[in-house]
Amino acid sequence: MTGRRDFADRLPAALRAVVEVRPSARGEGHDVACPRAALRELCRWLFKQAGYGFATLVVEETDAPLWSLAYVFHGPDRGDRITVMLEQEIENNAVPTISDLVHAADWHEREAEDLFGLVFENHPRLG
C-alpha cells in the first residue's frame, strides 16, 4: 500500500493545495477530503492519470445536516483504495457530475438522483 505522504506527493500541486489526504478510517488506502470546486479535477486525475478504477459512490444525509458523498476508487496493482470525500449543505442538492470523465459513475449518479434527489450538474443523461 502506498503511504500517505507518497500518495499526497503524487498529486498535482494544484490539487495538493486544496485537498486533505489522511489514512482511511477502514485501515486501507486513503480518504481525501475534497472541496466541491476540485471534485472533477481530482476524479479525472485519479482515473485518467493515476490509473485508479471507479468502484462506487456512497451518499449519506448526515445529522449535521450535510450531504456526504464518498467516491471510492481502487488501484488493483497498488492494493490501494482512495475514497474522495465531499460534504456540502443539505440545502444545496447540486453536485458536479464525474460521469463524463469516469463512465462507470453514470449509473451511480443516476441512482443517487432517484434515491436522494441530488442533481448532478451537466450529467449527459439526467436533467
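Here, each number is a calculation from the coordinates, and none is a lab measurement. From a predicted model like this one, the values you see are computed outputs, not experimental measurements. In this analysis, Cβ positions are derived from the backbone assuming ideal geometry, glycine residues included, and neighbour counts consider all displayed protein chains.
Springs join every pair of Cα atoms under 10 Å in this Gaussian network model of the chain, and among Asp63, Asp31, Asp100 the largest mean-square fluctuation is at Asp63. Each of Leu115, Thr56, Asn93 was scored by the projection of its Cα onto the charge dipole of the stretch 43-127, and the greatest displacement toward the positive side belongs to Thr56; charges sit on the C-beta of Lys, Arg, Asp and Glu.
Highest mobility in the GNM of the chain, judged by mean-square fluctuation with C-alpha springs under 10 Å and restricted to Leu115, Leu69, Leu86, is found for Leu115.
By the count of neighbouring beta-carbon atoms within 10 Å, fewest first, Ile98, Ile90 end up ordered Ile90, Ile98. Classification of the chain by its C-alpha gyration tensor yields a prolate form. The axis ratio a/c (a ≥ b ≥ c) is 1.5 or more, and a/b outweighs b/c. For the chain, the longest principal axis of the alpha carbon atoms and the long axis of helix 105-116 meet at an angle near 50°.
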